[in-house]
Amino acid sequence: MKRTARGQDLVVNGPRLLQSLERLGRIGWNGEEAGITRLAFSDEDRQARQFFLDELAASGYVCRIDAAGNIFGVRPGGEGENAPITMGSHLDTVHQAGPYDGAYGVLAGLEVLRTLDDLGIATRHPLAVANFVNEEGARFQPDMMGSMILSGALSLEEARTKRDDAGISVGEELDRDGYAGTDRVAPGKYLELHVEQGPILEAEDLQIGVVEGVQGIAWWQGFFLGQAAHAGCTPLVLRKDALLGAADLALAVRALAEELGDGSVATMGRCAPEPDVINVVPGGARFTLDFRSYDPERFERGKILVEELVRSVAFRNGLEYRLEQVTNALPVRFDPTLVALVEQGARERGCTYRRMRSGAGHDAQLLAPVCPAAMLFIPSVGGVSHTPKEYSAPEDLVRGANVLLACALALAEPL
Ligand code: GLV
Ligand code: MN
Ligand code: MN
């Protein structure tokens, strides 16, 4: 057990962390089957942000909100407030999510700050806990929008023009109810604790994932246009079936990902025929594509090949098409010194661990080009996330927060 200079145990308050996760998990909860839905900028997202702001205020941290709506709770250090060692993640969710994706990283960061208060530890550098806006991208693309704006990879003006399926813009939502502020916070270093969301740690019976990098993520919205026709009277050879084109494309992008190899993946997550009627050959089909690859060269080549596939699939099905790329998050490798620090933190805490890649996108991916960043994972039971079945064991949740505490304190330098 690691101890402070005064001989106190350097551990977070586990019950307090679990209780705050449980309280936050009630916001947007729609029962066992439907889980939690807190889409970015929705009323539920706003409630979660208010919960976070209330917790920050209750603990006396300095609250800062930037023009994108990113929230920072700052615990000043001996050197003031600038360039804080920042921990964080996101409070928004996909549709029907579990309780830990994002929420864990934010509330574990808050618990680290509170633990330092409890132990009376002041630090040379300031510390902060952050909630980044619209990490999930389930409603407005691109995903990781808040960290993308902070890092300069997306301008606020462009982000404000993005619209959801109902035609509501990010700008309209940002202007509603004081969501956005005017503060500017630039993290000095960034640490993100997250559930793995995949099966590796569980399968290998390990406690901590030391994340070395994140794969690139490309998303597209597309539309195939064929000809709606009578399902009984139109011979198969004369059809221009847009849904058939989308089905063809779903198979083709999967084969492409397999061919590219090295863990590359491709997914058609949305597909909607038009007019969506039982006895009508679909004349239109809306679809989305998600392509990911870890190796930068494969990522670039894969994106070109995906776009070529859409073109060739449209051609062989006699369809016209529209395609718009809406996300392009490049693969990153985290700062080697910070990665080594996370590894050392896991080792010192007596945890079993391995180095690994992240399959999911994270705010750390966008922050890595502008400040040293690193991540750590804890196991996800069953390897699932983005579903109400997402679960991590309480002892793993507390263990991960303890490793985060060790890393953050080493960076912030106790006085
Ligand atoms: C975000 O969770 C993503 O990886 O899609
Ligand atoms: Mn997440
Ligand atoms: Mn997610």
message: One residue is enough: does the range 76-98 have a residue meeting the conditions touching a residue at least 24 places away in the same chain (Cβ under 8 Å), in a helix (DSSP H, G or I), open to solvent by less than 20 Å² (accessible area, probe 1.4 Å) and away from ligand 1 (no atom under 16 Å from the Cβ)?
response: no
statement: Checked the range 189-244 for anything over 30 Å from S293 (Cα atoms) and in contact with an Asp or Glu (Cβ under 7 Å, 6 or more places away or on another chain); matches are G226
query: Out of the range 41-68, which residues are assigned to a helix (DSSP H, G or I) and over 21 Å from the mean Cα position of the chain (by Cα)?
result: D54, E55, L56, A57, A58
- prompt: Given the residues A246, A257, A272, A231, which is the only one that is surrounded by fewer than 19 Cβ atoms within 10 Å (Cβ to Cβ), away from ligand 2 (no atom under 16 Å from the Cβ) and in contact (Cβ under 8 Å) with a residue 40 or more places away in the chain?
  reply: A231
query: With (1) closer than 23 Å to G383 by Cα; (2) among the aliphatic types (A, V, I, L, M); (3) buried (at least 24 other Cβ atoms within 10 Å of the Cβ); (4) touching a Ser or Thr at 6+ places or on another chain (Cβ under 8 Å) as the list, and A138 as the residue in question, which single condition is left unmet?
result: (3)
query: Does V112 qualify as being crowded, with 24+ Cβ neighbours inside 10 Å, more than 16 Å from ligand 1 (Cβ to nearest atom), assigned to a helix (DSSP H, G or I) and of a type in the set (V, I, T)?
result: yes
message: Going residue by residue through the range 189-204, is there one that turns out to be more than 16 Å from ligand 2 (Cβ to nearest atom), touching a residue at least 12 places away in the same chain (Cβ under 8 Å) and basic (K, R)?
response: yes
message: Against the conditions (1) surrounded by fewer than 23 Cβ atoms within 10 Å (Cβ to Cβ); (2) within 16 Å of ligand 1 (Cβ to nearest atom); (3) closer than 25 Å to R75 by Cβ; (4) not hydrophobic (A, V, I, L, M, F, W, C), where does G178 fall short? Just the number, please.
response: (2)
- prompt: Out of I278, I304, which single residue is more than 16 Å from ligand 2 (Cβ to nearest atom), farther than 21 Å from E212 by Cβ, exposed (fewer than 14 other Cβ atoms within 10 Å of the Cβ) and within 25 Å of the chain's Cα centre (by Cα)?
  reply: I304
Which numbered condition L289 fails, given (1) part of a helix (DSSP H, G or I); (2) more than 30 Å from L405 (Cβ to Cβ); (3) touching a strand residue (DSSP E or B) at 6+ places or on another chain (Cβ under 9 Å): (1)
field: the range 187-210, residues that are within 15 Å of ligand 1 (Cβ to nearest atom) and surrounded by fewer than 24 Cβ atoms within 10 Å (Cβ to Cβ)
entry: Q197, G198
- prompt: When the residues of the range 365-401 are filtered to those that are of a type in the set (V, I, T) and out of contact with any Ser or Thr (no Cβ under 7 Å at 6 or more places or on another chain), which remaining residue is farthest from ligand 1 (Cβ to nearest atom)?
  reply: V398
task: Within the range 348-369, track down each residue that is within 25 Å of F132 (Cα to Cα) and open to solvent by less than 20 Å² (accessible area, probe 1.4 Å).
output: M356, S358, G361, H362, D363, A364, Q365, L366, L367
task: Return the total of residues in the range 211-221 being in a strand (DSSP E or B), touching a Pro at 6+ places or on another chain (Cβ under 9 Å) and within 16 Å of ligand 1 (Cβ to nearest atom).
output: 5
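Which is touching a residue at least 12 places away in the same chain (Cβ under 8 Å) and closer than 28 Å to A166 by Cα, of L24, L56?
L24
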field: S264 touching a strand residue (DSSP E or B) at 6+ places or on another chain (Cβ under 8 Å), closer than 30 Å to D335 by Cβ, more than 16 Å from ligand 2 (Cβ to nearest atom) and small (G, A, S)
entry: yes
message: List the helices (runs of 4 or more DSSP H) inside the range 129-193, counting only whole elements, that have at least 2 residues being of a type in the set (D, E, K, R).
response: 156-160, 170-174
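The values are calculated or read from the model by the stated rules, or taken from the named source; none is laboratory data. Just so it is clear, the model here is predicted, and its values are computed rather than measured. Note: ideal-geometry Cβ built from the backbone for every residue, glycine included; neighbour counts use all protein chains shown. The area values use the complete protein model at the heavy-atom level, side chains included, leaving out ligands, DNA and RNA. Shrake-Rupley method; radii C 1.70, N 1.55, O 1.52, S 1.80 Å.
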